Amino acid sequence: MKVLVIGGGAREHALCRSLSLDPDVSALHCAPGNAGIAEVAELRPVDALDGEAVAALATELGADLVVVGPEAPLVAGVGDAVRAAGIPVFGPSAEAAQLEGSKAFAKDVMAAAGVPTARSYVCTTPEEVDAALDAFGAPYVVKDDGLAAGKGVVVTEDRDAARAHALGCDRVVIEEYLDGPEVSLFAITDGVTVVPLQPAQDFKRALDGDQGPNTGGMGAYSPLPWADPKLVDEVMELVLQPTVDELRRRGTPFSGLLYAGLAITGRGTRVIEFNARFGDPETQVVLARLRTPLASVLLNAAKGTLADEPPLVWRDDAAVTVVIASHNYPDTPRTGDPIEGLAEVAAEDAPDAYVLHAGTRREGDAVVSAGGRVLSVTATGSDLAQAREKAYTAVARIRLDGSQHRTDIAAKAAGLG
Ligand code: AMP
Ligand code: GLY
């Protein structure tokens, strides 16, 4: 099978790593990729948001499957353009990707499907904003309706700040605050059949102890020893299957990866948000634990034959990933700094720990930082304590001037504090 992966972050590196280990995959290309992905896939330059260009590349490569990693190309209709060229795509249509692209659309689907989520109002005027803020009280949760790469959501005790954010958006969703630990649960679906993956937890704040600004995600781990063993079944029944059924009923079937961001509240599990693609950095730990070769699962989802796929097989291992971010992330990250220590990790820590690249590029013989999140150092172990020890041992070998990482990823779940 010839596979083309679209994107160039640590999530795509994790996808390409798994696909490169799959004996069914005879050729692997990634566009645009990054310096780490170049070690497992052949890179192609392409504008990932240009559907015609991606379709032309997939045709030229004779791809049997295109996997679209990030949300922006999905929402821009890249999946539709490739499907129109007759090539199976793992990733939803632009219409179905509105589940991530529009918070208001997601709320509407959840209401119709009876999916438990925060109560909310969609507001377009200052009067509606004031009424909604007062209806729920603090802490205020204000979400820009459109795609905002994780920056559109403000959660604050400060009413003026909440109001200012709301008035800066054309259309805004104001909702009830959900209290409780967050879980990311991914499911692969062909629009009818839904196959859940293993749950993971992401660390969204920049600093230890969940302090500092929201980021794209600073680390993740799986499994969740503290979670109810029935959680996956419950979310399948209450959230994932009803959502997939509702989108099909509307004539916009969702195929690809359905990501449920959940809050485990005192009153039950609630959806915080949906995403229409694999999460980053959770994918790094979920795929580290998946024993089933990935390509045929993704192809069956793309072709509508997911029911033919045998049950997924998981390792007993735990996995932890720690993100190394550049100086000043998430504000205006500094780029172009050389990264050292990658060869040491490969020599000393592989195969249990390895480095997945996010924002990196090659400059002559050097690998340099090229984005806010630079590396996602991933490790497996017999339990979370061992996996995190291996991950942090590898992190300590990496040298990147001014870089930052959290030191408490998975610490609490591993029973360390
Ligand atoms: P989202 O982009 O919707 O995932 O929101 C980003 C982050 O904001 C989430 O991961 C939560 O930490 C927080 N958040 C979003 N909605 C709520 C809510 N209703 N209650 C509490 N926290 C929330
Ligand atoms: N880990 C959060 C996200 O992928 O949106």
Exercise. Could you state the number of Å between the C-alpha centres of region 267-313 and region 38-74?
Worked result: 20
Problem set entry | Protection proxy ranking of 65-73, 207-215 - average other beta-carbon atoms within 10 Å, highest first | 65-73, 207-215
For this session: For region 93-216, just say rounded, prolate or oblate: build the C-alpha gyration tensor, square-root its eigenvalues into a ≥ b ≥ c, call rounded for a/c under 1.5, and beyond that prolate if a/b exceeds b/c, oblate if not.
Result: oblate
For this session: Specify which residue in the list VAL244, ALA162, HIS405 is farthest towards the positive end of the charge dipole of the chain, using unit charges on the beta carbon of Lys, Arg (+1) and Asp, Glu (-1), about the Cα centre.
Result: VAL244
Exercise. What shape does the chain take by its C-alpha gyration tensor, where a ≥ b ≥ c are the square roots of the eigenvalues and a/c under 1.5 counts as rounded, a/b above b/c as prolate, and the rest as oblate?
Worked result: rounded
Seminar exercise, completed: HN-Hα couplings for region 193-206 via Karplus (6.51, -1.76, 1.60; θ = phi - 60°), in whole Hz with x for Gly/Pro, come out as 7, 10, 10, x, 9, 8, x, 9, 10, 10, 10, 8, 7, 5
Problem set entry | Residue pairs, from the table LYS103/LYS143; LYS204/LYS412; LYS204/LYS390; LYS143/LYS204, whose Cα atoms sit over 18 Å apart | LYS204/LYS390
Seminar exercise, completed: Given a Förster distance of 25 Å, the FRET efficiency implied by the Cβ-Cβ spacing of VAL155 and ARG334, rounded to the nearest 0.05, works out to 0.40
For this session: Any chance you could check the Cα centroid distance between region 342-416 and region 173-188 for me, in angstrom?
Result: 27
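Tell me the mean residue ellipticity at 222 nm calculated for the chain from its helices only (DSSP H runs of n ≥ 4, each -39500 (n - 2.57), averaged over every residue, nearest 500).
Values: 14 runs with 122 residues, N = 417.
Helix contribution divided over all residues of the chain: -8000 deg cm²/dmol.
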Seminar exercise, completed: On the formula 1/(1 + (r/R0)^6), with r taken between the Cβ atoms of ARG248 and ARG119 and R0 of 22 Å, the FRET efficiency rounded to 0.05 is 0.30
For this session: Averaging sequence separations of C-alpha pairs under 8 Å and six or more residues apart, then dividing by the length of region 64-201, give the relative contact order as a whole percent.
Result: 18
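Using Cα pairs under 8 angstrom and six or more residues apart, how large is the relative contact order of the chain, in percent?
Reported relative contact order: 16 percent.
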Seminar exercise, completed: Comparing ASP134, ASP202, ASP383 in a Gaussian network model of the chain (Cα, 10 Å), the one with the largest mean-square fluctuation is ASP134
Exercise. For ASP408, what charge total do you get from the other residues with a beta carbon under 11 Å from its beta carbon, if Lys and Arg give +1 and Asp and Glu give -1?
Worked result: +2
For this session: With a 10 Å radius around each residue's Cβ, average the other Cβ atoms per peptide and rank 279-285, 104-110, 92-98, 326-332, highest first.
Result: 279-285, 92-98, 104-110, 326-332
For this session: With unit charges on the beta carbon (Lys/Arg positive, Asp/Glu negative), name the residue among THR283, THR378, VAL232 whose Cα is farthest towards the positive pole of the charge dipole of the chain.
Result: VAL232
Problem set entry | Computed E for GLU60/ASP24 - FRET, C-beta separation, R0 30 angstrom, nearest 0.05 | 0.90
Seminar exercise, completed: For LEU43, placing the label point 7 angstrom along Cα-to-beta-carbon and taking region 61-83, residues whose amide nitrogen sits under 16 Å are none
Exercise. Taking springs between alpha-carbon atoms closer than 10 angstrom, which of ALA391, ALA358, ALA56 fluctuates most in the Gaussian network model of the chain?
Worked result: ALA56
Exercise. Amide H to amide H under 5 Å from ARG406: which residues, 5+ apart in sequence or cross-chain, H placed 1.01 Å off N in plane?
Worked result: VAL323
For this session: Once you have a ≥ b ≥ c as the square roots of the Cα gyration tensor eigenvalues for region 183-293, tell me rounded if a/c is under 1.5, and otherwise prolate or oblate according to whether a/b is larger than b/c.
Result: prolate
Problem set entry | Per-residue Cβ neighbour rank within 10 angstrom, fewest leading, CYS169, CYS123, CYS16 | CYS169, CYS123, CYS16
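Subtracting the Cα-Cα distance from 0.36 nm times the residue separation, let me have the gained length for LYS303 to ARG205 in nm, one decimal.
31.5 nm
For region 343-417, what is the relative contact order in percent, using Cα pairs closer than 8 Å and at least 6 residues apart in sequence?
27
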Seminar exercise, completed: To the nearest 20 debye, the chain has a Cα-centred charge dipole, built from +1 on Lys and Arg Cβ and -1 on Asp and Glu Cβ, of 240
Problem set entry | THR393 paired with TYR177, simple spin-label distance in nm, labels 7 Å along Cα-to-beta-carbon | 4.2
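Here, each number is a calculation from the coordinates, and none is a lab measurement. This structure is a prediction, so every number in the text was calculated from the model and none was measured. Cβ atoms come from the backbone with ideal geometry, glycine included; neighbour counts cover every protein chain shown.
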